[in-house]
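The values are calculated or read from the model by the stated rules, or taken from the named source; none is laboratory data. This is a predicted model, so every value here is computed, not measured. Here the Cβ is made from the backbone with ideal geometry for all residues, glycine too, and neighbour counts use every protein chain on show.
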Amino acid sequence: MRFGAIDIGSNAVRLLIANVSESEFGLSIEKTALIRVPVRLGSSVFDEGIVSTSMAKKLAKTMKAYRYLMDVYGVKTYRACATSAMREAENSIEVRKRVKDFSKVNIEIISGQEEAKLILATFKSQRLDPTRSYLYVDVGGGSTEITLLKNEKRIRSRSFKIGTVRLLKKKVKASLWDDMREWLTDLRKDGLTDEITAVGTGGNINRYFKMSGLKYGELMHLEQLEALYQEVQSMTLKERIIKMRMRQDRADVIVHAGKIYTTVLQTTGVNRISVPQLGLSDGIALDLYRKHEAAKSAKTSV
């Protein structure tokens, strides 16, 4: 059974069409199709507090295109989750109705905690050691979700309004950075970040990992990430687009993402990070699979 997972972020809207399977080694995701459209909802929300008319039109058209694609691929169950920008938009109810009327796709606005929970749903598909501790760091356009996981259980979790588009728009106050550093410092003081590995999710950390030349499954060390961050920071926007062949909507935010990731690792004293190339859309697909299996089991037991 194919599942459709739509991640409506602050910087882009992604559709993942995936087959999920389960074996003795755990859950695995086969990505049938992955489409990304640069609908930057955060550009108007973080400036004006609303999703602009032009952005709402783009979102509605994107959702309609995604619905047609899901039909073609034979997707029977989907979930469309909107995050930081839609959480804050004063006209989110109006935008959701407009999108539903035009595309027949229902958008669900999820909390930062639910967002982190869905990302953590990918844990068992990553073949990570369940007896170890991990610090999950998901950097989006509007927010950063950080979760400490120990023995597969959430110990501490926070969502911070520090994101790449928000930083691009100069909408992050120094006090927000101080708040995040204080929370991370407390983790370190309590000994919760000793000998642990960070897990980075999001399009920007995937790009940094690709730039590192490491192979999938290898760990990127803080020194490598810091060097790459300094490299992209030293370039102009045009140089990142031409020399590094980045899309403009990646080239203008990747430096901000580098600052967030390096700040988290430096503050906690964690010196290595795993980049599983999984994110919110993968978590949505896995959650749909689990719910499907639970419903099937319930029918069988009746």
### Summary
Among residues of the stretch 8-47 being charged (D, E, K, R) and either over 19 Å from ARG247 (Cα atoms) or part of a loop (DSSP other than H, G, I, E, B) (or both), the residue modelled with the lowest pLDDT is GLU24
### Task
State which residue is surrounded by the fewest Cβ atoms within 10 Å (Cβ to Cβ) when the search covers only the stretch 82-97 and only residues that are of a type in the set (Asp, Glu) and under 23 Å from the mean Cα position of the chain (by Cα).
GLU90
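Only one of THR122, THR83, THR144 is among the hydroxyl-bearing types (Ser, Thr, Tyr), in contact with a helix residue (DSSP H, G or I) (Cβ under 7 Å, 6 or more places away or on another chain) and within 22 Å of LEU59 (Cβ to Cβ); which?
Numbers: THR122 fails: within 22 Å of LEU59 (Cβ to Cβ); THR144 fails: within 22 Å of LEU59 (Cβ to Cβ).
None of the others qualify; the one that does is THR83.
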#### Entry: All positions within the stretch 184-196 that are in a helix (DSSP H, G or I) and either among the charged types (D, E, K, R) or surrounded by 15 or more Cβ atoms within 10 Å (Cβ to Cβ) (or both)
LEU184, ASP186, LEU187, ARG188, LYS189
### Task
Name the residue, out of TYR66, TYR78, that is assigned to a strand (DSSP E or B) and within 21 Å of GLY283 (Cβ to Cβ).
TYR78
### Query
Could you list, in sequence order, the residues of the stretch 104-152 that are polar (S, T, N, Q), surrounded by fewer than 16 Cβ atoms within 10 Å (Cβ to Cβ) and more than 22 Å from ALA89 (Cα to Cα)?
THR131, ASN151
### Query
Assuming VAL139 fulfils every condition listed in (1) at pLDDT 95 or above; (2) in the same structural domain as PRO38 (by TED's automatic domain parsing) apart from one, which condition is it?
(2)
### Search result, residues across the stretch 169-226 that are among the polar types (S, T, N, Q), within 21 Å of SER10 (Cβ to Cβ) and in contact (Cβ under 8 Å) with a residue 12 or more places away in the chain
THR201, ASN204, ASN206
### Within the stretch 14-59, considering residues that are small (Gly, Ala, Ser) and surrounded by fewer than 19 Cβ atoms within 10 Å (Cβ to Cβ), the one nearest to ASN204 (Cα to Cα)
ALA33
### Task
Specify which of the listed residues (VAL172, VAL199) is outside any helix (DSSP H, G or I), out of contact with any Ser or Thr (no Cβ under 9 Å at 6 or more places or on another chain) and among the aliphatic types (A, V, I, L, M).
VAL172
### Message
For ILE109, only one of the following conditions fails: (1) more than 16 Å from the chain's Cα centre (by Cα); (2) aliphatic (A, V, I, L, M); (3) modelled with pLDDT of 90 or more. What is its number?
### Response
(1)
